[in-house]
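Remarks on the structure that follows.
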Amino acid sequence: MTAVVVLGVGGVGAWIYQDLNNNIDSADVDDKLGADRPENLSPGSKNILVVGSDSREGANAKYGNKKDLTTMQSDTLMVLHVPADRKWAAVVSFPRDSYVEIPACDMGNGKTSSPHKGKINEAFAIGGTSGKVAEAAACSIKTVEAHTGLRIDNFMSIDFSGFKGMVDALDGIEVCPEQDITSDKARLELKAGCQTVDGETALGYVRVRYGVGDGSDIGRIGRQQEFMNSLVKKAKSKLTSPDALYGFLQAGTKSLTTDPDLAGIQPIYGLANELKGIPSDRLAFLTVPNYPREADVPTDLANVVWQYPQAANLFTSLANDKEMTKAQLQAAVKDLVYASSVRVRVLNGTGVAGRAAAVAEKLRAAGLTVTETGNAPETVTKTAVTYPAGLEKQAAVLSSRLPKVRSSASADATAGAVTLVVGPDLDVDELH
């Protein structure tokens, strides 16, 4: 993504056009995504999935423990939202430990995976079982679309060696770790304090997790976002000569795989031109609101879950092409309600046997506490959420997980619980 921004700033001469154009690999995913996809609610906007590939093939073999990786991995997962008016942009990072349902995916070897719960970065590995980027990217796209409602228009995948080469082409990037960092796994040893690091060290810095801060993926995302911002700023100021620009773009494009619509210097340059006019203070680096799943499931010490309704509100804003700033998101996430603290009565208003039980099972899997299931006093045409006074926030958590369902206060609502009356309009498979 950084190479795209810089390309728009520095331009590209005809003398290197063909060379760079041939560097970019193409992977067609359209026939692997199925027909059940979100609509683009804001024509003219774009959502681009950006994957940092954790593959250990070729030049990447020396990073990490290759014996631990049998398939392709997504070390970093982001969505770049480019609005229709091109006046702002948002980069949304997805914690790789996000505990989500991964849909059935084409594994590229004649097999299809079964839907199951797992870390979101597992999707890339499942699709990439046969080592093909198209299948890997398709599974990640399907997973992101299913949980965000965002239509992914394009994707980019870049591997370790490309990142390292871009940093070296800039003669290094300044980082300012707050503590000494030593990590054999990340091949990193850094003293605390500001310093300029080369590509090898920079790669370790943005990948290191354990032994830094609280050891979480969230801390790593913060370092990655800060680093990307610094990288873009230095690239804009430094890449003024053809030689410097060429070296930077060679590194970036050699390690880049995109969908066919972006596979070439001309479309990448077009995207870059759209991005270059966006003021730096309106390029927001955001992280999907989340908290440790341990709060809902005490035995799970390894995963995070998304915070609702804040995560849903973020995705809805982007889907409708409405700007969300980092300050706005940070203010919203302070109002945290754990899913397990939401007590729900699930009543079947469809007249079809088993609907309440099916919905209750999905809600429990999402961490909510189901206190009761049964039949509603009468059949209904639409799903409804009601709550007694004082449970507004809990009701918002529940309704934000239900497509197009809003909650309302009711004087007749059962005390201490939110009531969900299931109507025929609620698709159980769309609950998340």
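In the structure shown, do any of Lys362/Lys404; Lys32/Lys132; Lys46/Lys87; Lys142/Lys276 have a Cα-Cα gap over 19 Å, and if so which?
Those over the limit are Lys142/Lys276.
How large is the convex hull of the C-alpha atoms of segment 393-432 per residue, in Å³?
That works out to 78 Å³ per residue.
What are the residues whose amide H is under 5 Å from the amide H of Val418, where those residues sit 5 or more places off or on another chain and H is modelled from the backbone?
Under 5 Å from the amide H of Val418: Arg343, Val344, Arg345.
What is the Å³ per residue value for the convex hull set by the Cα atoms of segment 325-404?
112 Å³
How big is D, in µm² s⁻¹, for the chain by Stokes-Einstein at 4 °C and 1.567 mPa s if Rh is the Kirkwood radius over C-alpha pairs?
Translational diffusion coefficient: 56 µm²/s.
Measure nothing but the geometry: give the 0 to 90° angle between the long axis through the Cα atoms of 133-148 and the longest principal axis through the Cα atoms of the chain, rounded to 10°.
The angle comes out near 40 degrees.
Taking only Cα atoms, what is the 0 to 90° angle, nearest 10, from helix 265-276's long axis to the longest principal axis of the chain?
The two axes meet at around 70 degrees.
Starting with the fewest neighbours, write out His432, His116 ranked by other beta-carbon atoms found within 10 Å of each beta-carbon.
Sorted ascending by nearby Cβ count, the order is His116, His432.
Of the DSSP beta bridges with both residues in the chain, give the percent that are antiparallel, rounding to the nearest 5.
In the chain, DSSP labels about 55 percent of beta bridges as antiparallel.
Determine the distance separating the Cα centre of segment 372-432 from the Cα centre of segment 89-117; give it in Å without decimals.
28 Å
Take each of the peptides 410-416, 19-25, 331-337, average the number of other beta-carbon atoms within 10 Å over its residues, and list them starting from the highest.
Final packing ranking: 19-25, 331-337, 410-416.
Could you work out how much longer the chain between Asp25 and Ala302 gets when fully extended? Use 0.36 nm per residue separation minus the Cα distance between them, nm to one decimal.
96.3 nm
Compute the long axis of helix 242-254 from its Cα atoms, compare it with the longest principal axis of the Cα atoms of the chain, and write down the angle in degrees, 0 to 90, nearest 10.
Long axis of 242-254 versus the principal axis of the chain: about 40 degrees.
No lab work stands behind these numbers, since they all come straight from the coordinates. Predicted, not measured: the structure shown is a model, and the values here were computed from it. Reconstructed Cβ throughout: ideal geometry from the backbone, glycine too, with neighbour counts over all protein chains shown.
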